[in-house]
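The values are calculated or read from the model by the stated rules, or taken from the named source; none is laboratory data. Just so you know, these numbers come straight off a predicted model, no measurement behind them. Cβ atoms come from the backbone with ideal geometry, glycine included; neighbour counts cover every protein chain shown.
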Amino acid sequence: MEGKHWSVNSYHLLKKIQELTRSIIEDVCNDRLPALYIDQFSSYCTGDSGSCCCSYDLAKGKEILMLRKESQARRWDVLLRVLLIVQQLLQENKHGSKRDIYYMHPSVFKEQCVVDRAINDICILLQCSRHNLNVVSVGNGVPKPILVDICFQGKGYPDVPTRRFLRLLTETLHLPVYCLVDCDPYGIDILTTYRFGSMQIAYDAKSLRIPEICWLGAFLSDHEKYQFPQQCLLPLTAEDKQKAGGLLNRCYMEREVPYWRSELQLMLDRGLKFEIEALSAHSLTFLSENYLPSKIQEGAYI
């Protein structure tokens, strides 16, 4: 069962903000300690019961945020300051970046991650997506249209704007989606982020994940199929092996993408990896003129 796909507008969000602040003020006026109940989401599990929610946006309990501890009092301070900024953005129908918000109170926030966490908390409390708050982030992805196709360079782990834009394309245009990543555990982790979402923004996973995405490569077997030089192969590092082990233990790898898991297991068993750049060992145009067309035409993706 999947979680709800939140659909809200500025009017309803402003009303929710007013209700939230009113309840806090009433608690203070009646000598009650204000408390916020924030949904918590499970980390990746290793079970096979079928009841886990690693790939779904369902809460696994609540965190109670109170003013009893200094650390929580600071978190309250940050959250309310960010909430006030969000309210202003909505009222004035303006947009601001996470970085803009940080620089409004840098001495209080101290770190960007503090603002990011507050924004996530607010999204959970108001049951909305980040873009509903008129808060944006600078996208890393660069779309490049090629005839009737679109080549999207995510530049590593995809950020929210990149994933949201790609999701919009698949929903409205019903385009097939192929992902080309390095043949290493981190490349596969990037791939799973596109398909299943990330735990950091699990509350909004449904509106960001791309379940239709196919893994185009690179596969370890490509080294033999396309006869790349042996020096293109690199040994897995200790960090690579640790990452691979963590990925193999994620329940959805076995349940939903077993072929991905098999490729990862093969990589770990052989202790080898290679980067996308190795595909250019034959020629600088091999990737675009040979590898990608043949992969798609032959259906050599999983």
- Determine whether LEU248 is surrounded by 13 or more Cβ atoms within 10 Å (Cβ to Cβ) and in contact with a Lys or Arg (Cβ under 9 Å, 6 or more places away or on another chain). yes
- Task: Determine whether segment 61-68 contains at least one residue that is surrounded by fewer than 16 Cβ atoms within 10 Å (Cβ to Cβ) and free of Cβ contacts under 8 Å to residues at least 12 places away in the same chain.
- Result: no
- Answer residue from segment 166-190, given it is in a helix (DSSP H, G or I) and in contact with a Leu (Cβ under 7 Å, 6 or more places away or on another chain) and is surrounded by the fewest Cβ atoms within 10 Å (Cβ to Cβ) among those: LEU169
- Query: Conditions: (1) farther than 19 Å from THR162 by Cα; (2) of a type outside the set (D, E, K, R); (3) touching a residue at least 60 places away in the same chain (Cβ under 8 Å). ILE201 meets all but one. Number of the miss?
  - Reply: (1)
- Mind checking which pairs have a first residue in segment 20-42 that is closer than 17 Å to LEU83 by Cα and a second that is of a type in the set (A, V, I, L, M, F, W, C) and assigned to a helix (DSSP H, G or I), Cβ under 6 Å, 6 or more apart or different chains? PRO34/ILE24; ILE38/ILE124
- Is it true that THR237 is buried (at least 20 other Cβ atoms within 10 Å of the Cβ) and at pLDDT 85 or above? no
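State which residue is surrounded by the fewest Cβ atoms within 10 Å (Cβ to Cβ) when the search covers only segment 209-227 and only residues that are among the charged types (D, E, K, R) and closer than 17 Å to LEU266 by Cβ.
GLU224
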- Message: If I go through segment 277-299 residue by residue, how many of them are in contact (Cβ under 8 Å) with a residue 40 or more places away in the chain and among the small types (Gly, Ala, Ser)?
- Response: 2
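For residues that are touching a residue at least 12 places away in the same chain (Cβ under 8 Å) and in a loop (DSSP other than H, G, I, E, B), scanning just segment 222-250, find the one that is nearest to the chain's Cα centre (by Cα).
ARG250
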- Of the residues that sit in segment 1-24 and are in contact with a helix residue (DSSP H, G or I) (Cβ under 7 Å, 6 or more places away or on another chain) and either β-branched (Val, Ile, Thr) or part of a helix (DSSP H, G or I) (or both), which one is modelled with the lowest pLDDT? VAL8
- Could you check, for segment 120-133, whether at least one of its residues is over 22 Å from GLY61 (Cβ atoms) and either hydroxyl-bearing (Ser, Thr, Tyr) or at pLDDT 90 or above (or both)? yes
- Query: Of the residues that sit in segment 101-133 and are touching a residue at least 60 places away in the same chain (Cβ under 8 Å) and of a type outside the set (S, T, N, Q), which one is surrounded by the fewest Cβ atoms within 10 Å (Cβ to Cβ)?
  - Reply: LEU125
- Item | Selection within segment 25-80 - among the β-branched types (Val, Ile, Thr) and either at pLDDT below 80 or in a helix (DSSP H, G or I) (or both) | ILE25, VAL28, THR46, VAL78
